[in-house]
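Read through the structure below, which is laid out as structure tokens, and then see the notes.
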Protein chains: 2
Amino acid sequence: MTRPELRHDVRITDTTLRDGSHAMDHQFSEAQVRDTVRALDRAGVEVIEVSHGDGIGGSSFNYGFSRTDEMTLIAAAREEATTAKIAVLLVPGIGTADDLRRAHDAGAEMVRVATHCTEADVSPQHFGVAHGLGMETVGFLMMAHRTSPEDLAAQARIMVDAGCQAPYVTDSAGALLMHEARARFEAVVAEVGDEAWVGYHGHQNIAMGVANSVIAQEVGVRYIDGSLCALGAGAGNSPTEVLAAVFDRLGVDTGLDVLAMLDAAQEVVQPYLPRWPKMDRNAIVQGWAGVYSSFLLHAERAAERYKVPAHDILRRCGELGYVGGQEDMIIDVALTLAGERAS
Amino acid sequence: MTRPELRHDVRITDTTLRDGSHAMDHQFSEAQVRDTVRALDRAGVEVIEVSHGDGIGGSSFNYGFSRTDEMTLIAAAREEATTAKIAVLLVPGIGTADDLRRAHDAGAEMVRVATHCTEADVSPQHFGVAHGLGMETVGFLMMAHRTSPEDLAAQARIMVDAGCQAPYVTDSAGALLMHEARARFEAVVAEVGDEAWVGYHGHQNIAMGVANSVIAQEVGVRYIDGSLCALGAGAGNSPTEVLAAVFDRLGVDTGLDVLAMLDAAQEVVQPYLPRWPKMDRNAIVQGWAGVYSSFLLHAERAAERYKVPAHDILRRCGELGYVGGQEDMIIDVALTLAGERAS
């Protein structure tokens, strides 16, 4: 698979309707999705991701049930978009090839296959299916702070050789400091930059998402993610409307209309926010200790149930090195901490 | 005046109780100030600024009346601090030499004299008064995006020659992108770095405050400002608790206890927040268009009164180049915009 031509200096993907699903506790309505897609499409966003927070097939006891069937949401998004492409997230082990076929039938034109940063070898099958369906492909190397730049580049190579058009440095914990992000961008661009685009997906847990996006563009990263109002796991993603303003100031062409992006955030998304994503103690601890951002609401629920502070649960999850897919261990950690407190 | 010895790699000043006064509409109570100072002092913060948002003497019709006399707040802060120094802000033209003497008598040990970035020549008298009182001195060069690195360095030179121990690159509009901030830090350090410390005060309007703080430290800036929960004008300041976590991850010694800082933000400041400072449309426009952050609430009030959008008012203020002290012009802009809409 060759990579697509770029229409702008940077290709922005908005993930309000996927990563934001975590912050919404997966309760998006069809009307919210339609309104958000319409506003993003009008403002010039090229790719809009729509899925359960943990990817297609994520609606479950372990990850949280969706309010609306995601195939309904994907189809609604596709109807509203006039130029934007609709993408879905697929985490192998959560979503299946069959889920991907259904998402494609509903209107998804791109799949973003997400694996832990050292497990790219579980992705090739899904890139193969996507290829067969004629879908664009992206590969997420999640928790990218947990491995070296060199290894991350080797993992990106596995994805690209399997047909991935754009491997991503995915900072799921919002933990990457600028020099750490830069080293990873440079290593991945050096390894696959002649054949594929390189992407960056950031979180604001320690306020580095937008800054890392600027560095990413400087060193050759061409796909960059954001969310309106930062709606996403942890302290949220790099706000897409801030990326629009910052790249505008830098003279980097994203194709985005800054005022339309500001309006989309303020007038479409802000009214339905359950809470504005923020750098509170729990979110900062996630960036500081390198904890998967989507653990946030799970840890807060366990904290309430077992009467131990959520930030203690999150720090322990960081010490134990838990990654996406190990959400059930959060209860375990809470029980252990409760036991330690009692004794 | 020689500069003081540093006890850590970076000397953190927390301005929750001064810049945060803007976000609190100047309604701090004595109990809030005591609780905040106690928590900051315990967590190892070296300097705590306490003043009306526009500096001592700011309580007025034009800038907003304080709920509690600031001399009462300064004295309360002084009582609670065991090791931290209490600082006050003084904007010549708002505060007077007499205000400074009273603040000193109430317990202030440092003054931060703030001028527009091209008007350092109004500061020497106040540095002289501070010197006579035996106070430490800092100089704020506000709206630092509005002049070149070279000119900013020349202005810092004026301050240092007048006895300022630490001129600051003060990004009042939260507008400085990383390369713009770096150029200003480097120019000021090159000009005065042998005699004085250089400081940085940032806002999060376009998410650059923390990132610029990291760059500042890298290039020799030694005084860095933050606010708990980002409480401050615009989208708020660089959150001090995030600075603590980030510098900890970088191995830069600030003397701060990260967990105590996280607790201070979460348990002391968050409960009294009128609203969590955030990158909403108005705040982003301030960073994007380079507008003085403390115009935010003034513009929101004018917007409500004259039925024109606050972000339009702020953008017009940016186009017209208004700076701190021109708050009365905000009403003028709102009236003009309302007239344009009517016709």
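The values are calculated or read from the model by the stated rules, or taken from the named source; none is laboratory data. No experiment lies behind these values; they were computed from the predicted model shown. Here Cβ is always computed from backbone atoms with ideal geometry, including for glycine, and neighbour counts include all displayed protein chains. With ligands, DNA and RNA removed, areas are computed over all heavy atoms of the protein, side chains included. Shrake-Rupley method; radii C 1.70, N 1.55, O 1.52, S 1.80 Å.
If each of A:THR336 and A:GLU300 carries a label point 7 Å out from its Cα toward its Cβ, how far apart are those two points in nm? Distance between label points: 2.4 nm.
Using a 7 Å projection from Cα along Cα-to-Cβ, the label point at B:ALA342 is separated from the same position in the remaining copies by 7.1 nm, smallest value first. Here B:LYS85 sits with roughly 60 square angstrom of accessible surface, probe radius 1.4 Å.
Label-point distances for A:THR118 to the equivalent site in the other copies, using a point 7 angstrom along Cα→C-beta, read 5.7 nm when ranked shortest first. For B:VAL91, nonlocal amide neighbours, meaning residues 5 or more places apart or on other chains whose placed amide H falls under 5 Å from its own, are B:ILE56, B:ALA114. For the protein assembly as shown, rounded, prolate or oblate, judged on the Cα gyration tensor with a ≥ b ≥ c (square roots of eigenvalues), a/c < 1.5 rounded, else prolate if a/b > b/c? Judged from the Cα gyration tensor, the protein assembly as shown comes out prolate (a/c at least 1.5, a/b above b/c). A straight chain from A:THR96 to A:ASP9 at 0.36 nm per residue would run longer than the Cα-Cα distance by 28.0 nm. Give me the lysines in straight-line cross-link reach of B:LYS278: C-alpha distance below 24 Å, same-chain residues under 8 apart excluded. Those lysines meeting the cut-off are A:LYS278, B:LYS307.
Output the relative contact order of chain A, whole-number percent, from Cα pairs under 8 angstrom with separation of 6+ residues.
Relative contact order of chain A: 17 percent.
The listed residues B:GLU180, A:GLU70 rank as B:GLU180, A:GLU70 when sorted by accessible area, largest first, using a 1.4 Å probe.
Counting only protein heavy atoms and a 1.4 Å probe, chain B has 33 square angstrom of accessible area per residue.
One Cα centroid belongs to the range B:265-343, the other to the range B:180-242; the line between them spans 23 Å. Distance from the axis that maps chain B onto chain A is least for the Cβ of the chain B residue given, with the whole Å value, as B:ALA211, 2. Once a ≥ b ≥ c are taken as the square roots of the eigenvalues of the Cα gyration tensor of chain A, is the result rounded (a/c under 1.5), prolate (a/b larger than b/c) or oblate (a/b not larger than b/c)? Rounded, because the longest to shortest axis ratio a/c is under 1.5. DSSP bridge analysis restricted to chain A gives an antiparallel fraction near 5%, rounded to the nearest 5. Across the options B:VAL91, A:VAL50, B:ALA173, the greatest Cα extent toward the positive end of the charge dipole of the protein assembly as shown (unit charges at beta carbon of Lys, Arg, Asp, Glu) belongs to A:VAL50. Do any residues of the range A:270-285 show a loss of at least 40 square angstrom of accessible area between the isolated chain and the full protein assembly, using a 1.4 Å probe, and if so which? Residues of the range A:270-285 that lose at least 40 Å² of accessible area once the other chains are added: A:TRP276, A:LYS278, A:MET279, A:ARG281, A:ILE284.
Distances between copies of B:ARG101, taken at a point 7 Å out from Cα along the Cα→Cβ vector and listed shortest first: 8.8 nm. Placing unit charges on the Cβ atoms only, positive for Lys and Arg and negative for Asp and Glu, gives the range B:83-145 a dipole magnitude near 120 debye about its Cα centre. Measuring only protein heavy atoms, the 1.4 Å probe finds B:GLU218 accessible over about 110 Å².
Apply 1/(1 + (r/R0)^6) to the Cβ-Cβ distance of A:ALA31 and A:ARG275, taking R0 = 22 Å, and write down the FRET efficiency to the nearest 0.05.
Details: r = 20 Å, r/R0 = 0.91.
According to the calculation, E is roughly 0.65.
Summed over qualifying helices (DSSP H, 4 residues or more, each -39500 (n - 2.57)) and divided by its residue number, the protein assembly as shown shows a 222 nm mean residue ellipticity of -13000 deg cm²/dmol.
Only Lys, Arg, Asp and Glu carry charge here, each on its Cβ (+1 for the first two, -1 for the last two); on that basis the protein assembly as shown has a dipole of about 740 debye about its Cα centre. Heavy atoms of chains B and A lose about 3300 Å² of accessible surface on contact, summed over both sides with a 1.4 Å probe.
If R0 equals 35 Å, the separation of the Cβ atoms of A:HIS131 and A:ASP248 corresponds to a calculated FRET efficiency of about 0.50. Take the alpha carbon gyration tensor of the range A:97-154, find the square roots of its eigenvalues, order them as a ≥ b ≥ c, and report rounded if a/c is under 1.5; if not, report prolate when a/b exceeds b/c, else oblate. Prolate, since a/c reaches 1.5 and a/b exceeds b/c. The fraction of accessible area contributed by carbon and sulfur in the protein assembly as shown is 46 percent, rounded to a whole number (1.4 Å probe; ligands and nucleic acids excluded). Specify which residue in the list A:GLY321, A:TYR272, A:LEU297 is farthest towards the positive end of the charge dipole of the range A:263-325, using unit charges on the beta carbon of Lys, Arg (+1) and Asp, Glu (-1), about the Cα centre. Sorting the options by dipole projection puts first A:GLY321. A simple spin-label model places pseudo-atoms 7 Å from Cα toward Cβ; at A:ASP105 and B:THR2 they are separated by 8.1 nm.
Of the residues B:TYR322, B:TYR223, ranked by 1.4 Å probe accessible area with the largest first, the sequence reads B:TYR322, B:TYR223. Working from label points 7 Å from Cα in the Cα-to-Cβ sense, the B:GLU218 to B:GLU319 distance is 3.7 nm. Note: relative contact order over the range B:294-342, using C-alpha pairs below 8 Å and six or more positions apart, is 45 percent.
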